[in-house]
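Comments concern the structure below.
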Amino acid sequence: MEKKYRWDTPTEWLTEKIENSNDMTKIISICYELIEHVDTDIIQDIFQDEMDEDGYFDEIITIKELADQFPKMYNYYYKWENTESPELEKNLDDVLADYNYELVEEDEDVVGEYNDLKGYLNCKIKKIK
C-alpha cells in the first residue's frame, strides 16, 4: 500500500514540528493547546514523579489549622501578640519545625514582618518530608 500522507501519524507530524522549531513561543503554544485537550489523569500518569518532587501532593494547611490541633502552639502566639515588646524564645520556622512543618515557599515573604497574629495564622504550611 502506498503512503497516503507525508507522516505516518499525527504524533510523528507533531514530534517533527517541535523538533524542527527554533521558536520557543510556538513550542509553548503547542504545549498549551495539548494541555487544554488532555485529561488531567493522563497528565498525572505521565508526570506523577515530577509532580511529587515539586510538592504537588503535599497537604497544605494554615498555621491556624495546625494551632487548632496543638493548642500549646496557639497559646504561644497569643501570648506573643498580647505582649507589648515580645521576645520570642524561638522564631516561626523553629516553632513549625517542632511540629514537623515548614512554611510554603511562596508565603515566606508574608511572615517577613511580624505584624499581627491573624496574619501568621493564615500563612500556608506543609509537612516536612
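Taken together, the values in this text are just the output of simple stated rules run on the coordinates, not laboratory data. Values in this document were obtained by computation on a predicted structure and should not be read as measured data. Heads up, the Cβs are rebuilt from the backbone with ideal geometry, glycines too, and the neighbour counts pull from every protein chain shown.
Which net charge results for the neighbourhood of ILE27, defined as the other residues with beta-carbon distances under 15 angstrom from its beta-carbon, given Lys and Arg at +1 and Asp and Glu at -1? Present the calculation step by step, with values, prior to reporting the outcome.
Working: positive: LYS17, LYS26; negative: GLU16, GLU19, ASP23, GLU33.
Local net charge: -2.
Return VAL104, VAL38 ranked ascending by Cβ neighbour count within 10 Å, so the fewest neighbours appear first. Each step should come with its number before you reach the end.
Values: VAL104 17, VAL38 11.
Ranking VAL104, VAL38 by Cβ neighbours within 10 Å, fewest first, gives VAL38, VAL104.
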Round to the nearest 0.05 the FRET efficiency obtained for THR11 and ASP54 when R0 = 30 Å and r is the Cβ-Cβ distance.
0.70
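Order by neighbour count: THR11, THR62, fewest other Cβ atoms within 10 Å first, most last.
Values: THR11 9, THR62 16.
By the 10 Å Cβ count, ascending, the order reads THR11, THR62.
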For the stretch 1-72: lysine pairs under 28 Å (alpha-carbon distance), excluding those fewer than 8 apart on one chain
5
Interchain or long-range residues, amide H under 5 Å from LYS124's placed H
VAL104
Which order do the peptides 95-101, 17-23, 66-72 take when ranked by the mean count of other beta-carbon atoms within 10 Å per residue, highest first?
95-101, 66-72, 17-23
